[in-house]
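The values are calculated or read from the model by the stated rules, or taken from the named source; none is laboratory data. For clarity, every value in this text was computed on a predicted model and none was experimentally measured. Quick reminder, even Gly has a Cβ in these numbers, built from the backbone with ideal geometry, and neighbours come from all protein chains shown.
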Amino acid sequence: MLLETPITYVKNERKRTDHELRSICSLLPEGLSRQVNHFHRQIPGFRRSPLKGLANLAQRLGLGGIWVKDESMRLDLQSFKVLGGSYAIYQLIRQRLGLGDQEISYADLTGGELRARLGDLTFAAATDGNHGRGVAWAATQLGFKSVIYVHKLTSQSRIRAIERNGARVVVIDGNYDDAVRQVYADAQRNDWLVVSDTAWEGYEDIPRWVIQGYTTMFTESQEQLAALGLVKPTHLFVQAGVGSLAAATVGFYSRLFGEQRPKSVVIEPTKAACLYQSACSADGKPHSVQGELDTIMAGLACGDPNPLAWQVLSDCADYFAICPDYVAAKGMRVYGVPLHGDPLIISGESGAVTLGALMYTMLFSGAAGMREDLGLGPDSQVLLINSEGNTSPDDYRNVVWEGSMPVPDEYKMYLP
């Protein structure tokens with residue numbers, strides 16, 4: 001049996017150095033992230049998610065710092081996804097009310113004249129779990145209905161979590177991309193409002209709002225880093241499914257720091273590598289990958305890239321990389337059994353792959369070229385996003401308790 005290399009990478013030769021990139025300015029207009037953060041802070045119970053430092057692991061890897069934005073503690077939903085879903089719903093409501101650029105408060109959305117004018121709305125989405133739960137939660141908080149489509153491999157725990165947040169769940173025969181197509185078709189017949197985190201021709205505004213919603217994480221991160229005396233991270237390791245989170249991450253820092261933006265690596269599962277394959281293509285266009293997309297990283301099991309996200313990443317990302325499932329599993333175990341003095345972090349499969357990827361980047365001889373080109377070393381401050389907590393308990397225990405997806409002997413690493 002052929003062993004899967006722990007990390008395979010390609011340098012983004014299309015990266016541009018323009019300070020004012022059209023793709024960034026279109027996605028994240030001046031002042032946008034402040035407006036998004038202001039909206040989120042009005043949500044009852046909303047708090048910043050913590051930024052946690054893995055100082056001892058960083059030292060052992062030869063890095064200046066590893067900083068983890070821990071989204072497992074976001075609004076008791078264990079995922080960052082609610083940031084995008086709630087902001088997109090807010091913008092959809094503003095559009096439906098014909099308010100133009102007029103801002104409305106969160107309180108205005110939950111009662112009074114505006115709420116009466118909206119009537120009964122139903123929001124719909126396709127999901128691997130976290131996005132759908134975020135949309136369902138946001139819709140329920142505002143008194144609306146939601147319908148969430150999932151694919152046949154979605155775990156029962158994720159389905160139950162969506163239902164607990166007020167949605168009706170529809171299971172379709174196919175993968176995530178099939179669910180995206182089916183929910184849109186059914187929404188046209190039922191007059192539902194689709195909140196998707198991926199775009200296609202004629203459907204771009206809502207996915208753009210979703211990406212914009214994610215920027216609250218980085219507004220918070222910058223405040224938290226500043227409190228520690230750090231101006232910015234020097235490196236970003238960010239996971240990708242359709243690419244929306246990665247585009248928000250790289251786009252935010254590109255907008256803020258221009259040519260001085262942090263260097264970035266976009267990480268995907270080996271079996272769902274649409275952005276990596278797009279980066280390897282000669283034409284510079286986004287390309288889909290086919291098949292079952294069979295990976296434990298359920299939140300990243302996407303075959304069709306978001307074209308809005310691809311444009312930003314093609315312009316700004318430094319590297320695209322792919323990792324097999326055992327790298328994500330290793331990241332989960334390292335987060336869950338930290339070095340003495342480092343905080344314990346509960347991370348699901350999609351949340352942990354970037355930590356595993358960073359460790360292999362620093363210790364695996366096959367990643368030396370990327371490591372050296374990125375300048376990773378004692379002065380580096382690396383930002384990771386723990387994008388989800390224990391959102392599928394059976395799968396989590398299978399990895400952390402039972403040792404599922406072990407690292408092959410040939411690729412076991414021992415810290416210095």
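Key figures
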read-out: Those residues of the range 288-313 which are among the small types (Gly, Ala, Ser) and within 22 Å of residue 234 (Cβ to Cβ), in sequence order; value: none
read-out: Candidate set: the range 20-38, residues that are assigned to a loop (DSSP other than H, G, I, E, B) and not acidic (Asp, Glu); chosen: the one nearest to residue 77 (Cα to Cα); value: 28
read-out: Any hit, the range 39-56, residues being surrounded by 15 or more Cβ atoms within 10 Å (Cβ to Cβ), in a helix (DSSP H, G or I) and charged (D, E, K, R); value: no
read-out: Helices (runs of 4 or more DSSP H) lying entirely in the range 77-172 (those with 3 or more residues that are within 22 Å of residue 207 (Cα to Cα)); value: 81-97, 130-141
read-out: Selection within the range 279-312 - in a helix (DSSP H, G or I), over 16 Å from residue 199 (Cα atoms) and small (Gly, Ala, Ser); value: 279, 298, 299
read-out: Neighbours by Cβ (under 6 Å, 6+ apart or cross-chain): first from the range 403-414, farther than 14 Å from residue 328 by Cβ; second modelled with pLDDT of 95 or more; value: 413/363
read-out: Per-region count, the range 1-17, residues without any contact (Cβ under 8 Å) to a residue 40 or more places away in the chain and either in contact with a Phe, Trp or Tyr (Cβ under 9 Å, 6 or more places away or on another chain) or among the acidic types (Asp, Glu) (or both); value: 1
read-out: Residue that is surrounded by the most Cβ atoms within 10 Å (Cβ to Cβ), among those in the range 259-293 that are hydrophobic (A, V, I, L, M, F, W, C) and more than 18 Å from residue 352 (Cβ to Cβ); value: 275
read-out: Condition check for residue 296: surrounded by 20 or more Cβ atoms within 10 Å (Cβ to Cβ) and either within 15 Å of the chain's Cα centre (by Cα) or under 24 Å from residue 205 (Cβ atoms) (or both); value: no
read-out: Residue check for residue 164: within 20 Å of residue 393 (Cβ to Cβ) and either surrounded by 23 or more Cβ atoms within 10 Å (Cβ to Cβ) or assigned by TED's automatic domain parsing to the domain that holds residue 36 (or both); value: no
read-out: Evaluation of residue 346 against (1) crowded, with 24+ Cβ neighbours inside 10 Å; (2) of a type in the set (A, V, I, L, M, F, W, C); (3) more than 30 Å from residue 255 (Cβ to Cβ) (one fails), failing number; value: (1)
read-out: Residue match in the range 159-177 (condition: within 21 Å of the chain's Cα centre (by Cα), over 22 Å from residue 304 (Cβ atoms) and of a type in the set (Phe, Trp, Tyr)); value: no
read-out: Count of residues meeting criterion [surrounded by fewer than 21 Cβ atoms within 10 Å (Cβ to Cβ), touching a strand residue (DSSP E or B) at 6+ places or on another chain (Cβ under 8 Å) and among the acidic types (Asp, Glu)] in the range 365-416; value: 1
read-out: Pairs where the first residue, in the range 75-90, is free of Cβ contacts under 8 Å to residues at least 40 places away in the same chain and the second is assigned to a loop (DSSP other than H, G, I, E, B), C-beta under 9 Å, 6+ apart; value: 76/45
